[in-house]
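The values are calculated or read from the model by the stated rules, or taken from the named source; none is laboratory data. The shown structure was predicted, so the numbers you read here are calculated from the model rather than taken from an experiment. Neighbour counts are summed over all protein chains in view; Cβ atoms, including those assigned to glycine, are modelled from backbone coordinates with ideal geometry. Calculation scope for accessible area: heavy atoms of the full protein, side chains included, ligands and nucleic acids excluded. Shrake-Rupley method; radii C 1.70, N 1.55, O 1.52, S 1.80 Å.
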Amino acid sequence: MSSVPSFAQVRAQVESIRHRYPDARAIGIGMPALDEATPAPSVLRAGSEELSVIRCGSVLALRERFVDLPAAGPPLVVLTDLSEAELGDDLVARLAHRRLFPIDPWQLVKERFKVLHVDPRLVERHAWAARALLDAEPEDGYSPVPSGFLDAETAWRHLFEALAGIPRGARDPEALVAWALDGAPAEKLDALPEAVRTGLAVASEASVGRTARAIFECAGRLGRGTVSVGLVARVLFDPEAQGDERAAKARGKLEALLGLHDLDAELARGWIDAAEDVVRRRLARRADSGPAPPAESFGTVMAVLADADVLLQELGATDLAWRSGILRASLDQRLGDLARELVAFVDSKAHEMPAALRDAAGNVLDHALSAKESRRPLGVEMALRLAGWLAARRGGVAASRQSFGEATRAYRFAGGFVDWARTCLWDGDSSPRLGEAYAALARQADLARQQENREFGRLLAGWPGSGPHDRSLLGVEAVLDRWIAPLARVQPVLVLVIDAMSMAVFRELERDLVWRGWVELVAGEKPERPVVIAGLPTVTEVSRTSLLCGEIVSGNSSTEKDGFSGHAGLRSACAPAAPPVLFHKGDLREAGAAGVPRGVTESIADPDHRVVGVVINAVDDHLAKGEQVPVRWTARQIRPVEELLDACRSSGRVVVLVSDHGHVLERGTELRDADGAERWRPVSGAPADDEILLQGPRVVTQGRRLLAPWSERVRFGMKKNGYHGGATLQEVVLPLGVFALPETAAHVAGWREAAEEIPGWWQWRVETVPAAEPGPAALDADRQALARVQRVLAALDARGGKLTGPALAEHLGVPLFRLGGIVSALRRILNVEGYDVLSVDDASETVQLNRDLLDTQFGLASDRKQLSGAGR
């Protein structure tokens, strides 16, 4: 740096002298290297004063200026390269303290920090730092150091923040990588003298290590490319790459590019971890968390990833990208691996899920970019679940059903999960190769469902005439008598009828309710849920009317209102002044008002109204449309379910979720001419190969006979999103679930919390994060609580701070319906002082950890790795 004192140093010296000699009329500053090129303003602001400044290279000029020196006001500042002897005693006598003050940078630093001593490591090794500290002083000055000793760390924090623009002057590898991504480091460091850049680099190494220095120096040359280098290094320095010749050659090229001759695995490891941590956190940030600075945008991160792919290609190591959990090239390779394993499974006769398929799917889900495509993780999960179901079928788990009851119970237990997975796979994937693999898997699952539906059709044809002798089966007409009325006698009930809700839709909605804190109830000691059988044909005017009237009958909404309010079983549970009340679609709209009309919510809130029914048409309305838009069936999606649940939450009302009939979706159906409805027709001649004849007292048609396809591939009407009226499992077997909040469930006499109902193949990858090893005795309550905190935080931190509720439940090895309580308890522990360290997004069923807030609130910033280590 120049030996000429900076103006900041002059100001600091003047302020110091002014403080000590307030009556001085002139202040002399000796500057031996002063020349006309030395920048100096004519006015200096010291505190609230403005002091005139003059350069003085001759005694005569100074004498002339002193002639007009005022007797009061701010003193004159004299900058001169003359000595006191050259000035003469008479002029020197008019200066403050009768002397010229030299610029002593370290003395000025002491005064600015109000200390007596400065760390000798700074004074002896970094002479430039004094001037830099004075130049970087904030307008309101430095905060005094209470100890009276200015240590090197305090000075470096100020210097790195002021000179390099690093927030809080942090110099750990992660902070430096974040600075490289956000802070335009090359521009800032280029503006500094070489000695200062070198000094900062040396200081970063001295205080943190050589990885920090390597990142700092690379950032000065490559800017955000520093992040790309760290991401690429994962591929080259992974332990599995040590014996790979291509990786060795690429490492040599990278060393040459960076100008580093000591780029070994130890140095690279810190760089890798820092780059990956920063990028993972950026990718995990919520999209709706408010406007972010451009440097923090998703686009910037994606540009860094694109740069990394280019760098990897230049190094000749693109084929090794799969080792990275972040690079885009890596995700492409992992998607290709998953596609290959899925196709191999489809082509095989494997009775178990191949380990290679599990690993390939896990590698895709573990990739940081997978979570940014909202439907991809779900698609991968569903593909593996469907593969698990097919493997179980191959192994004989799904043997031929001997009775109608066995077939319907099997579908009630697992079939909805299967069809939910099938629906997700039909949406495909943005990767063409994976989309093709999904299609192959879906075709095999479709064939299996076709076989089950053929068998079910045969069983159904023999059932309607005699009715349900199996007490575990429940005709839709018996739901009010056998389930709603007994429940209403012990607790107010909301009967939520979702028209056309299939078991698949129910399973998705059920998961959403459980995520929201609702628990499912069953009656008595037996854990079985009811298997509800639709009226025939499986259309609204028959099956819904039969459900709401309590008898097999056809009608409309008026028929349903009369039947529901006059149902003897329901009325027996109600006060005479508050009979059962039913609201239809038209009742849920109020002119000029948003949300559920007051009359509906008031009925739900009134405990005297023991039975309130609401009919929701969202699913049926969706089926009637022609476009193919993926839909998530959640309480928020199915309006106004969310508002109705909130009303029940406030009033302690139990919710019975039930359907009148299911549906099949449009997936290449065959249109046939027939005088009938969408999926059934009057009897005319013999049934087609994919049709069955249904007849008996539960068939509501002329002559109580009809023909309906057992295949999901046939329709008799115009093309839509979906259809109903047929004889498939999806249309005939209906969901019924009873839900309550935990505080309500405990008081529903004769009912208890149901065990989770999930087939084994659904949880194909239950990853648990083990707790700390217990001692000889059982962990006490405090240690158990700490272990749980560690497990949750470790699981979230390993996935960049964000996991869906179901995924977190699987990681912890707990049922989903238990997760809500766990998360609520942890939020009470972690969210101190109003800061959301742990938050929940109900819309996306996501638990989110704000790692930066966690570090700040609980002092973890000094060791970013201790969190994940605690959970392993």
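Numbers for the structure displayed
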| quantity | calculated |
| --- | --- |
| For the range 424-498 versus the range 531-605, the gap between their alpha-carbon centres in whole angstrom | 22 |
| Volume per residue of the C-alpha convex hull in the chain, rounded to whole Å³ | 235 |
| Sequence ranges 50-56, 65-71, ranked by mean other-Cβ count within 10 angstrom, highest first | 50-56, 65-71 |
| Anisotropy class of the range 651-736 from Cα gyration tensor, a/c 1.5 cut | oblate |
| Check: the range 120-241 dipole with +1 on Lys, Arg Cβ and -1 on Asp, Glu Cβ, in debye | 260 |
| Rounded accessible area per residue of the chain, 1.4 Å, Å² | 43 |
| Packing-based ranking, highest mean first, of 675-685, 653-663 given that Cβ atoms within 10 Å are counted | 653-663, 675-685 |
| DSSP-loop GluC sites (Glu not before Pro) across the range 116-205, with at most 13 other Cβ within 10 angstrom | GLU139 |
| Potential extension, LYS372-GLU314 segment - 0.36 nm per residue separation minus Cα distance | 18.2 nm |
| Between helix 210-222 and the chain: long-axis angle, C-alpha atoms, 0 to 90°, nearest 10 | 90 |
| Probe 1.4 Å - accessible area at ILE758, Å² to nearest ten | 50 |
| Listed residues ALA500, VAL596, PHE237: farthest to the positive end of the dipole of the chain (Cβ charges) | ALA500 |
| Selected from TRP762, GLY737, THR669, residue furthest toward positive end of dipole (the range 653-774; charges at beta carbon) | THR669 |
| Whether the range 520-602 is rounded, prolate or oblate, judged on the alpha carbon gyration tensor where a/c under 1.5 counts as rounded | prolate |
| 222 nm mean residue ellipticity, helices alone, for the chain (DSSP H n ≥ 4; -39,500 (n - 2.57); rounded to 500) | -13500 deg cm²/dmol |
| In degrees, nearest ten, helix 503-515 long axis to first principal axis of the chain (Cα) | 40 |
| Rounded if a/c under 1.5, otherwise prolate or oblate - the range 328-452, Cα gyration tensor axes | prolate |
| Potential extension, ALA755-ASP481 segment - 0.36 nm per residue separation minus Cα distance | 96.2 nm |
| For the range 629-654 and the range 38-88, distance of Cα centres in Å | 79 |
| C-alpha long axis of helix 265-284 to longest principal axis of the chain, angle in ° | 60 |
| Residue among HIS261, LEU327, GLY613 farthest towards the positive dipole end of the chain, charges placed on Cβ | GLY613 |
| Cα centroid of the range 254-286 to Cα centroid of the range 685-756, whole Å | 56 |
| The chain, accessible surface, carbon-and-sulfur percent (1.4 angstrom probe) | 51 |
| Antiparallel bridge percentage (DSSP; both residues within the chain; nearest 5) | 50 |
